[in-house]
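The values are calculated or read from the model by the stated rules, or taken from the named source; none is laboratory data. Note that this is a predicted model, so its numbers are computed, not measured. Here the Cβ is made from the backbone with ideal geometry for all residues, glycine too, and neighbour counts use every protein chain on show.
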Amino acid sequence: MENFIYQNETKIIFGKGTDASVGAEISKYGKKILFHHYGDGIIEKIGLYDRVVQSLKENGIEYVELTGVTPNPRLSLVKEGIEICRREKVDFILAVGGGSVIDSAKAIAVGYYYEGDVWDYFTGKAQITGCLPLGAILTIPATGSEASRTTVITNDDGHIKRALDGDEMRPRFSILNPEVTYSLPKYQTAAGGVDIMSHVFERYFTNVVDVDLTDRLCEGVMKAMINIIPKALEDPNDYIARSEIMWAGTIAHNGLLGTGRIEDWASHMIGHEISALYNMTHGATLTIIFPAWMKYVYKENVNRFAQYAVRVWNVEQDFENPERVALEGIRRMTEFFKQVGLPVTLTEGGIPDDRIEEMAEKCTSRGPLGNVKKLYKEDVIEIFKLAK
């Protein structure tokens, strides 16, 4: 096990009706906020918008709104939000939505104190100098942004998608009411569920040995999701299934499962390039890339991939032929992705193969990806070819 420091100060407020507490929570930090949400009518339709506004008014919270968030949130909207926060002198940001809204809010929060271009943070030209406090009401369990130290933003100029990490960006609180997820479409439920699983994959596949405790934690989350996702797809109003998915999303990406491990994250970086160019749902890019990545790298640590197959997918152990076991685990995982209605190839996802080299160039422009196996441009091209 590697040395680590683990600290997560995000307060999680979980359960039915908990969104009514938002005004009281915000009042601990300020009296004027940026209320950041999609603005597409969804939170209005499920009654969440009115409940939030009522809670803000009851607690004397003044607000200005910023809407227009899209999947794969855009830098241009982040810059607009920074200008609004400065002009209106807000002292808190409330993000109501899924990962796109929360990520956008985080980027606005760190950009508020920076006099240069906030994109400098994402390219490594500058370090975070400050962050407005923010909170979240989660509506789409997927990215784990409600308790993570990460934001991912797409630069409209060049369609470049980049991540930024910093403990400053962890929300002061996040409200998780599973009831608000009942209306999610099946595709979004499945894609979000697999996104949650993928956050565990990135931590589970490591070359660090003697990490059995976090191995077991990771395996528990993955096996739970395999059981829960189909239940939520069958009955969207299954509160237990929705609750488990929502809490799993937070656990998968709040840093706990990566303690003592060297994480990978190559597949996420490759998937980001698909999202940046084709605006594809992030979880769907991962069901395409992960099987291909696994097939490309599993021989680097075949015993770990065999362990994954046995413990997570119930493949029969075969110490004489761990490669067969590993490949069977990859096959069963791929079949599960298909069963929940997600693409497992670029062709199934409607993604052409004429820009593979461009995507490989972009995602390796700052150096090789991953840790199970260091991936350079030519490696990423081969992974894209396996994914065709």
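Tabulated data for the structure shown
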quantity	calculated
Verdict on I82 being touching a Gly at 6+ places or on another chain (Cβ under 7 Å) and modelled with pLDDT of 95 or more	yes
Test: I26 is touching a residue at least 40 places away in the same chain (Cβ under 8 Å), out of contact with any helix residue (DSSP H, G or I) (no Cβ under 6 Å at 6 or more places or on another chain) and of a type in the set (V, I, T)	yes
Within the stretch 312-349, considering residues that are surrounded by 20 or more Cβ atoms within 10 Å (Cβ to Cβ) and among the small types (G, A, S), the one farthest from Y278 (Cα to Cα)	A326
Members of the stretch 126-148 found to be surrounded by fewer than 24 Cβ atoms within 10 Å (Cβ to Cβ) and in contact with an Asp or Glu (Cβ under 6 Å, 6 or more places away or on another chain), listed by number	A126, I128, C131
Selection count where residues are among the basic types (K, R) and either closer than 30 Å to K16 by Cβ or not assigned by TED's automatic domain parsing to the domain that holds H268 (or both), scope the stretch 187-215	0
Residue, surrounded by the fewest Cβ atoms within 10 Å (Cβ to Cβ), within the stretch 169-179, restricted to residues that are touching a Ser or Thr at 6+ places or on another chain (Cβ under 8 Å) and among the charged types (D, E, K, R)	R172
Any chance E65 is charged (D, E, K, R) and either at pLDDT 95 or above or farther than 25 Å from V152 by Cα (or both)	yes
Some residue of the stretch 149-168 being crowded, with 24+ Cβ neighbours inside 10 Å, assigned to a loop (DSSP other than H, G, I, E, B) and not assigned by TED's automatic domain parsing to the domain that holds N279	no
Residues (under 24 Å from Y38 (Cβ atoms) and out of contact with any Ser or Thr (no Cβ under 7 Å at 6 or more places or on another chain)) located in the stretch 105-120	A105, I108, A109, V110, G111, Y112, V118, W119
Extreme residue, surrounded by the fewest Cβ atoms within 10 Å (Cβ to Cβ), among residues of the stretch 239-275 that are of a type in the set (S, T, Y) and under 23 Å from D379 (Cβ atoms)	S275
Qualifying residue in the stretch 295-311 (condition: assigned by TED's automatic domain parsing to the domain that holds N371, in contact (Cβ under 8 Å) with a residue 24 or more places away in the chain, among the β-branched types (V, I, T) and surrounded by 24 or more Cβ atoms within 10 Å (Cβ to Cβ))	no
Those residues of the stretch 311-327 which are under 32 Å from the mean Cα position of the chain (by Cα) and hydrophobic (A, V, I, L, M, F, W, C), in sequence order	V312, W313, V315, V325, A326, L327
Pairs with Cβ under 6 Å, 6+ apart, first in the stretch 343-357 and more than 13 Å from M280 (Cβ to Cβ) and in a loop (DSSP other than H, G, I, E, B), second of a type in the set (S, T, N, Q) and at pLDDT 95 or above	V344/T287; V344/T334
Leading residue by the ranking (farthest from T139 (Cα to Cα)) among those in the stretch 89-126 that are basic (K, R) and more than 20 Å from the chain's Cα centre (by Cα)	K125
Condition check for Y187: surrounded by fewer than 23 Cβ atoms within 10 Å (Cβ to Cβ), modelled with pLDDT of 95 or more, of a type outside the set (S, T, N, Q) and closer than 17 Å to S100 by Cα	yes
Which listed residue, of E44, E2, E65, E25, is of a type outside the set (S, T, N, Q), in a helix (DSSP H, G or I) and more than 18 Å from F173 (Cβ to Cβ)	E44
Which listed residue, of V325, V344, V315, is in contact with a Phe, Trp or Tyr (Cβ under 6 Å, 6 or more places away or on another chain), of a type in the set (A, V, I, L, M, F, W, C), at pLDDT 95 or above and not assigned by TED's automatic domain parsing to the domain that holds G166	V344
Only one of G144, G111, G97 that is farther than 19 Å from H272 by Cβ, at pLDDT 95 or above, touching a His at 6+ places or on another chain (Cβ under 7 Å) and not basic (K, R)	G97
